[in-house]
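The values are calculated or read from the model by the stated rules, or taken from the named source; none is laboratory data. These numbers were taken from a predicted model, which means no experiment stands behind them. Every residue, glycine as well, gets a Cβ built from its backbone with ideal geometry; the counts of neighbours run over all protein chains shown.
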Number of protein chains: 2
Amino acid sequence: MYVIMVYDVGVERVVKVLKTGRKYLTHVQNSLLEGELSPAQYKRLKFEVSRIIDDTHDTVMFYTLRSEEFLHKERLGIATKEPGEFL
Amino acid sequence: MYVIMVYDVGVERVVKVLKTGRKYLTHVQNSLLEGELSPAQYKRLKFEVSRIIDDTHDTVMFYTLRSEEFLHKERLGIATKEPGEFL
C-alpha cells in the first residue's frame, strides 16, 4: 500500500515524529512523508506515532491507496531543501 | 478529480496561499487542503498558487487521483482546530 503522512504537531514533538516517520517513509517536504508500506508496517507506524503525539494538540493525517499508480504528483516551487531546514 | 494540496511556504505568504487554496479546496489541517476539482479548477488553482509563492524558497505538493474512492483517510490526534490556529 502507498502511504502519505502529513503531521501538524507541537514543536517539541516534531523531531520525534519526523524520526519515526523516516523509519518507514521518505521525507518529501516539511511535515510530509510518503512511501510504500506493508499493512503491518503501516500499523506499526501509526502505533509509534500515536505514542509520541499529544492527542489534545497534535494531528497526523494518513492517506493510503492500494497502489501508487493511482496517484499523480505535481510540485510547485523548489524540489528539495537541505535536511536541516525541515526542522 | 480529487486533489490533496500540502504547502510549505514562507510565513509572509502563508495567508495568501491558504486563502487561495480555500477558494477551491477544504482546509483539513495546518498546511493541508483537499477536495474534488474539475481539471480546469485544478489548473487555475496551480496558476494562482504559482503567482504567490517564491520559487526559490517555497514548495507546494499536489497529489491528484481520478477519484476519492481510491483514497482512504485515517487521522491520529485531534480532528479539528479552531480556524485561527491554522495561521
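Data table
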item	result
Residue satisfying all of: in segment B:18-32; surrounded by fewer than 22 Cβ atoms within 10 Å (Cβ to Cβ) and touching a Phe, Trp or Tyr at 6+ places or on another chain (Cβ under 9 Å); modelled with the lowest pLDDT among these	B:N30
Scan of segment B:44-72 for residues that are more than 13 Å from the chain's Cα centre (by Cα) and closer than 27 Å to A:R66 by Cβ, ordered by number	B:L65, B:R66, B:S67, B:E68, B:E69, B:F70, B:L71, B:H72
Options B:E74, B:E68; residue that is without any contact (Cβ under 8 Å) to a residue 40 or more places away in the chain and of a type in the set (D, E)	B:E74
All strands (runs of 3 or more DSSP E) inside segment A:1-45 with 3 or more residues being under 22 Å from B:M61 (Cα atoms) and in contact (Cβ under 8 Å) with a residue 24 or more places away in the chain	A:2-8, A:32-36
Subset of segment B:33-51 [surrounded by 13 or more Cβ atoms within 10 Å (Cβ to Cβ) and more than 7 Å from chain A (Cβ to nearest Cβ)]	B:L33, B:E34, B:G35, B:E36, B:L37, B:Q41, B:Y42, B:R44, B:L45, B:E48
Pairs, first facing chain B (nearest Cβ under 7 Å) in segment A:54-65, second surrounded by 20 or more Cβ atoms within 10 Å (Cβ to Cβ) and β-branched (V, I, T), C-beta under 6 Å, six or more apart	A:D58/A:V9; A:V60/A:V49; A:M61/A:V6; A:Y63/A:I4; A:T64/A:V3
Pick from segment B:52-87, criterion surrounded by 10 or more Cβ atoms within 10 Å (Cβ to Cβ) and in a helix (DSSP H, G or I), ranking: modelled with the lowest pLDDT	B:F86
Number of positions in segment A:43-66 that are out of contact with any strand residue (DSSP E or B) (no Cβ under 6 Å at 6 or more places or on another chain) and over 15 Å from A:V6 (Cβ atoms)	10
A:R22 being closer than 20 Å to A:G10 by Cβ, more than 10 Å from chain B (Cβ to nearest Cβ) and out of contact with any helix residue (DSSP H, G or I) (no Cβ under 7 Å at 6 or more places or on another chain)	yes
Given (1) surrounded by fewer than 20 Cβ atoms within 10 Å (Cβ to Cβ); (2) modelled with pLDDT of 95 or more; (3) closer than 21 Å to A:E68 by Cβ, index of the condition B:V15 fails	(3)
